[in-house]
Number of protein chains: 2
Amino acid sequence: MEKTDFFMLEAIRLSLTKMKEGYGGPFGAVIVYQGEIIARGFNRVLETNDPTTHAEVDAIRKASEAMGCSELTECELYTSCEPCPMCLGAIYWAKLKKVYYGNTHQDAAAIGFDDAFIYKEIERPLSQRHIPMLQLLPEEAKVAFEEWQKQENKTNC
Amino acid sequence: MEKTDFFMLEAIRLSLTKMKEGYGGPFGAVIVYQGEIIARGFNRVLETNDPTTHAEVDAIRKASEAMGCSELTECELYTSCEPCPMCLGAIYWAKLKKVYYGNTHQDAAAIGFDDAFIYKEIERPLSQRHIPMLQLLPEEAKVAFEEWQKQENKTNC
């Protein structure tokens, strides 16, 4: 068996077993570093009530803890479904090397997980989004940005 | 003072003080329900090594815990900066009612937080993204989706 298939099958196993155990939706993920699984994630939204505990986010949190670093540049993610925009954002912030996925986001939409709606919202100007987004107090807000620019040692690993 | 300004000033205060205390970048957020702050979030990436602990995600996690529900339909988010794609995804999954922001994402890019890059990546087909995304074992992956469709009681609140 290809090693890539082995890792994907583990992500798929998590998607099925953790759903059956009641943790959340049917999504699993693993993160691999140097040929070894360093983190196993799964959707835990029903368990935690936290809407951000998707499988990929759960796996990234555990992997960054295991690696002691917020950047996972040498790691690969195997996820049982194509990432939603939130998880895709997390993947980019974590700077993962490569992503393998099983189901597509169209498959997810077909069973009620409609991230296609979110992808469409992202493309819209702020003024036309379903969730209104309004700017307030930009002059006051920018002070923290100016302070950040004065700081040194901004990286942690 | 307008109540909206009051809440935004609290988000801005968090963005500045928590950055100075070393938790992470200059970003703060609060979530308001029925005129009261129910959650305070801030960027904690340097503290936790977790790249997903942006201010908005941190606030959403705390608010969903406080409300005992993954959907925050009657809540408003005040964030010191326009959300990145990850946080925007989280906002949609949490079904927040309204978002107020201070700095823009262009302001964030100007001090080194380049989520504009991620917005551009989202628009690209999977085959053209900087992080390669490859499909594996879709037949095996779909089994969990089929099982999900057979389940009842899929909501938690």
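The values are calculated or read from the model by the stated rules, or taken from the named source; none is laboratory data. Remember, predicted model here, so these are calculated numbers, not experimental data. Heads up, the Cβs are rebuilt from the backbone with ideal geometry, glycines too, and the neighbour counts pull from every protein chain shown.
So which helices (runs of 4 or more DSSP H) stay within region B:39-118 end to end and still have 2 or more residues that are surrounded by fewer than 19 Cβ atoms within 10 Å (Cβ to Cβ) and without any contact (Cβ under 8 Å) to a residue 24 or more places away in the chain?
Working: elements: B:45-48, B:55-67, B:85-94, B:105-110.
It comes to B:105-110.
Can you name every residue in region B:11-22 that is surrounded by fewer than 21 Cβ atoms within 10 Å (Cβ to Cβ) and farther than 14 Å from B:ASN103 by Cα? If you could, list the steps in order and put the result at the bottom.
Narrowing region B:11-22 to residues surrounded by fewer than 21 Cβ atoms within 10 Å (Cβ to Cβ): B:13, B:17, B:20-22.
Of everything in region B:11-22, those that are surrounded by fewer than 21 Cβ atoms within 10 Å (Cβ to Cβ) and farther than 14 Å from B:ASN103 by Cα turn out to be B:THR17, B:LYS20, B:GLU21, B:GLY22.
Criterion applied to A:ILE60, A:ILE37 was being more than 8 Å from chain B (Cβ to nearest Cβ) and either at pLDDT below 95 or more than 17 Å from B:VAL143 (Cα to Cα) (or both), and the one residue passing it is A:ILE37. Only one of the numbered conditions (1) out of contact with any strand residue (DSSP E or B) (no Cβ under 6 Å at 6 or more places or on another chain); (2) at the interface with chain A (Cβ under 9 Å from one of its Cβ atoms) is violated by B:ALA116, and that is (2).
Looking at region B:70-94 only, could you name the residues that are among the charged types (D, E, K, R) and more than 8 Å from every other protein chain (Cβ to nearest Cβ)? Steps first, answer last, please.
Going residue by residue through region B:70-94, those that are among the charged types (D, E, K, R) are B:71, B:74, B:76, B:82.
Answer for region B:70-94, where residues must be among the charged types (D, E, K, R) and more than 8 Å from every other protein chain (Cβ to nearest Cβ): B:GLU74, B:GLU76.
Of all residues in region B:131-157, those being more than 8 Å from every other protein chain (Cβ to nearest Cβ) and exposed (fewer than 11 other Cβ atoms within 10 Å of the Cβ) number 5. In the condition set (1) over 16 Å from the mean Cα position of the chain (by Cα); (2) closer than 30 Å to A:LYS3 by Cβ; (3) at pLDDT below 95, B:ILE118 is compliant with all but (1).
As a summary of the residue check, B:SER127 satisfies the conditions (1) part of a loop (DSSP other than H, G, I, E, B); (2) surrounded by fewer than 16 Cβ atoms within 10 Å (Cβ to Cβ) except for the one numbered (1). Among the residues of region A:1-32, those identified as under 23 Å from A:GLU47 (Cα atoms) and of a type in the set (Ser, Thr, Tyr) are A:SER15, A:THR17, A:TYR23. The listed residues are B:MET67, B:MET8, and the only one of them that is farther than 27 Å from A:GLU56 by Cα and facing chain A (nearest Cβ under 10 Å) turns out to be B:MET8.
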